[in-house]
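Report on the following structure.
The values are calculated or read from the model by the stated rules, or taken from the named source; none is laboratory data. Because the structure is a prediction, the values reported are computed rather than measured. Note: ideal-geometry Cβ built from the backbone for every residue, glycine included; neighbour counts use all protein chains shown.
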């Protein structure tokens, strides 16, 4: 049974008002409110990574036809592509869109596939940020699976945000910790990404993802050996520009 949104949405409702109402609310209520209000103009962005099944399952219970955008960088683990097919089928998601640059564009702009070695931020912009911006131009709101516990950059994020283009960005799982994620996965018997048991608690592109040792931060294997912690799709306009120019 679906819950009605706890407040009446209106076009001029601010993110401050939304956060005042929904901070601390169950993720299902937050997600349901967003999907109802922005129906037809909202997409869920998913990496189909280690924890993605939780948010995808919640969305599928409310509206399995919501557009789901997966960025295919052409450098993903084959296990991730297989997991996307498996999970989409099991959850009954009907509109999963694999977006990204074409192989022709990749050959033109990164002919040796080595941009990540000399300019990792530029590589992320080419393969992730720009394709997602193009795809999101069709929507007025989008849903993210980020959580505050994942790293310092995300620690203070709000449940509702306005992104650099003025779209509403919704983070239903912002307040959840690892125990909440694990409990939900167990409760609903959701399939795990095959690389999690091999020591990859956070999974991105093959060249920029390594195994994580015991006691390390779960995202320690992302861009190991550098100060980079984000691909750029979650930065504001100023932060993104600073990263690209760095």
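Matching residues to (1) surrounded by 16 or more Cβ atoms within 10 Å (Cβ to Cβ); (2) closer than 30 Å to residue 16 by Cα; (3) modelled with pLDDT of 90 or more; (4) touching a strand residue (DSSP E or B) at 6+ places or on another chain (Cβ under 7 Å):
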position: 180; (1), (2), (3), (4): no, yes, yes, no
position: 184; (1), (2), (3), (4): yes, yes, yes, no
position: 200; (1), (2), (3), (4): yes, no, yes, yes
position: 224; (1), (2), (3), (4): no, no, no, no
position: 228; (1), (2), (3), (4): yes, yes, no, no
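In region 142-150 there is at least one residue that is over 17 Å from residue 22 (Cβ atoms), in contact with a helix residue (DSSP H, G or I) (Cβ under 7 Å, 6 or more places away or on another chain), free of Cβ contacts under 8 Å to residues at least 60 places away in the same chain and in a helix (DSSP H, G or I). Annotation note: of 133, 104, the sole residue that is under 17 Å from the mean Cα position of the chain (by Cα), over 24 Å from residue 192 (Cβ atoms) and assigned to a helix (DSSP H, G or I) is 133. Restricted to region 89-101, and to residues there that are without any contact (Cβ under 8 Å) to a residue 40 or more places away in the chain and part of a helix (DSSP H, G or I), the residue that is farthest from residue 35 (Cα to Cα) is 89.
The residue pairs whose first member lies in region 208-222 and is in contact (Cβ under 8 Å) with a residue 12 or more places away in the chain, whose second member is surrounded by fewer than 18 Cβ atoms within 10 Å (Cβ to Cβ) and not in a loop (DSSP other than H, G, I, E, B), and whose beta carbons are closer than 8 Å, counting only pairs six or more residues apart or on different chains, are 211/198; 218/178.
If the condition is being assigned to a helix (DSSP H, G or I), in contact with a helix residue (DSSP H, G or I) (Cβ under 8 Å, 6 or more places away or on another chain) and buried (at least 19 other Cβ atoms within 10 Å of the Cβ), then region 61-87 contributes only 87.
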